[in-house]
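To keep things clear, I will list the structure first and then write my remarks on it.
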Amino acid sequence: MKFMKIGTKPDTFYTQDSSRILITDTPNDLVIRIDSTTYHLHRSSLVPKCGLLRRLCTDSEESDSVTIELNDIPGGADAFELCAKFCYGITINLCAHNLVNALCASKFLRMSDSVDKGNLFPKLESFFHSCVLQGWKDSIVTLQSTAKLPEWCENLGIIRKCIDSVVEKILTPTSEVSWSHTYTRPGYQKREHHSVPRDWWTEDISDLDLDLFRCVITTVRSTFTLPPQLIGEALHVYTCRWLPYFKSNSPSSFSVKENEAALERHRRVVNTVVNMIPSDKGSVSEGFLLRLVSIATYVGASLTTKTELIRKAGLQLEEAALADLLLPSHSSSHRHRYDTDLVAAVLESFLMLWRRQSSSHLSSDNNQLLHSIKKVAKLIDSYLQAVAQDVHMPVPKFVSLAEAVPDIARESHDRLYKAINIYLKVHPEISKEEKKRLCRSLDCQKLSAEVRAHAVKNERMPLRTVVQALFFDQESSSKGVSGRSEIHDLFSRGKETPMDEQSMMHKLNLGPAETASIGKAKSVREGGGKRGEEKITSSTEPKKLVRQGTGSEHRRHVSRDR
């Protein structure tokens, strides 16, 4: 950091009560009051260099003591004292931390060359242009200090010049960047002759006030020089810096109620960051978008902001990992741990876009769309397995999310079956009707042989699901057997007219082994008993299903119980 030293005399100011007094043999004849501080000074030293004080003292006699109120001086008493010491020739040290206050105060006091040659304001301007603006850290610190005097700094052109200097350095090729910067990324070790990372500048500018940060990023984007991903990384670093709970997955990090002022600051950060996210897909990660949606809900961001975030998150949902979806619920009216409503909203946004693209794209493009929806389906099924372990997760939310995935997206229902089985294990108290509702989206025909074998012996599953699994288990091992039409009709009628379990068992006319297996499952439901095996195994021998019917030879599929 650059410094400028002006003056040679020692500092002889001292404090007495609320007054600042200069040790001198000459009586004080100039009193300057700034807020609660009073300065006892001399007209002979200040008036020749300060055009403002010269004008204010013109009507007074030289022998009189003059008192002047300067409560509106920019920078306050500290900035005035720097200017006063300069007038006395006392040594002052200037750097990026106090330069802005000194510049604005000297301008206010009219300490220009037109008043006295070699005055303070021209010296400060020269130091600002020749030293401060040439350095990276000096420009950042100076820009940061302008936040306290925005109007003065805007009028003096300090803000614009600092922003231009910062942007110019950000756009400098990394091969020309020197290592005088902050960079604390985990795993990165700065070495001699080590290449500078492209995002070297992101942590330094994250210290800026929100409006100044927005100006810098907006100016950088307007040059169309940096890739969108680099802009996105800067937004990510800034968000982590100013939203203290951004990195935490724990609901406890949101449990402390913040005051309205803090929430308002965080709302401004969220709204501003969202507006600056580049429109390019992938400019920020899906995890960043999902976390930002969660925080936007917590701090009460505007509906427009949340809607835009959900839209952006829906565009690249297939890029998400399971950990990205496991966001804590902030609802005070629900006890469940995870925010399934947020995930459902993002999924619906993704599906709307997917359906629109599927109907408008050529067949050659549909392969990619199909791959995308299948990837999302696997992600949602993994998410269902995770939220199923929450003892407070209600059945309707679980079912709604499971059924939101289109049938075409699930080639296999093994993951969905596992999620349902976990839910039934964690929630043993749910009713028979709720169990049926859980399983209505499960297609036993899309289960693997191992999973169907597990389902047949799973006493947690509704009887109808067990029978369906048993039927398709037999169908896969005896494809040459005909006469399935009556069973098809049985399940089809079951969807329209409720049928009790005894009637269903009679209609299926199962062999001894099948009857015993299902009967055992039924007895466990009614009277209790041992738990079924949890381990999915393929060692179960296929069971034979004896059919009665009209002799129809064409094949039919058993429809799922909706």
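The values are calculated or read from the model by the stated rules, or taken from the named source; none is laboratory data. All values reported here derive from a predicted model rather than from experimental measurement. All Cβ positions, even for glycine, are placed from backbone atoms using ideal geometry, and neighbour counts span all protein chains on display. For accessibility, only protein heavy atoms count, side chains too; no ligands or nucleic acids. Shrake-Rupley method; radii C 1.70, N 1.55, O 1.52, S 1.80 Å.
A few remarks follow.
- Pairs, first in the same structural domain as residue 71 (by the TED database) in the range 103-129, second in a helix (DSSP H, G or I) and of a type in the set (Asp, Glu), C-beta under 9 Å, six or more apart: 103/125; 105/78
- Qualifying residue in the range 408-426 (condition: closer than 20 Å to residue 344 by Cβ, crowded, with 19+ Cβ neighbours inside 10 Å and of a type in the set (Ser, Thr, Tyr)): yes
- Taken over the range 14-29, the residue count meeting the criterion of being of a type outside the set (Asp, Glu) and either crowded, with 16+ Cβ neighbours inside 10 Å or at pLDDT 95 or above (or both) is 3.
- Pairs where the first residue, in the range 2-21, is within 16 Å of residue 42 (Cα to Cα) and the second is in a loop (DSSP other than H, G, I, E, B), C-beta under 9 Å, 6+ apart: 11/91; 12/23; 12/24; 13/23; 14/23; 21/28
- Those helices (runs of 4 or more DSSP H) lying entirely in the range 113-170 with at least 1 residues modelled with pLDDT of 95 or more, within 24 Å of residue 5 (Cβ to Cβ) and among the basic types (Lys, Arg): 120-130, 158-170
- Of everything in the range 4-20 that is part of a strand (DSSP E or B) and out of contact with any helix residue (DSSP H, G or I) (no Cβ under 9 Å at 6 or more places or on another chain), the residue that is nearest to residue 96 (Cα to Cα) is 5.
- Any hit, the range 6-23, residues being of a type in the set (Ser, Thr, Tyr) and within 21 Å of residue 94 (Cβ to Cβ): yes
- Set side by side, the residues 72, 59 differ, and just one is more than 45 Å from the chain's Cα centre (by Cα) and either among the basic types (Lys, Arg) or assigned to a loop (DSSP other than H, G, I, E, B) (or both), which is 59.
- Listed conditions (1) on the phi > 0 side of the Ramachandran plot; (2) surrounded by 15 or more Cβ atoms within 10 Å (Cβ to Cβ); (3) not aromatic (Phe, Trp, Tyr) are all met by residue 84, apart from (1).
- Counted residues, the range 209-228 - those being within 27 Å of residue 153 (Cα to Cα) and either open to solvent by 20 Å² or more (accessible area, probe 1.4 Å) or modelled with pLDDT under 95 (or both): 9
- Among all positions in the range 477-488, there is at least one residue which is under 23 Å from residue 407 (Cα atoms), among the aliphatic types (A, V, I, L, M) and at pLDDT below 90.
- So residue 32, is it crowded, with 17+ Cβ neighbours inside 10 Å, of a type in the set (A, V, I, L, M) and in a strand (DSSP E or B): yes
- Some residue of the range 387-397 being closer than 24 Å to residue 287 by Cβ, at pLDDT 95 or above and in contact with a strand residue (DSSP E or B) (Cβ under 6 Å, 6 or more places away or on another chain): yes
- Flag for residue 428 being part of a helix (DSSP H, G or I) and either without any contact (Cβ under 8 Å) to a residue 12 or more places away in the chain or more than 30 Å from residue 366 (Cβ to Cβ) (or both): no
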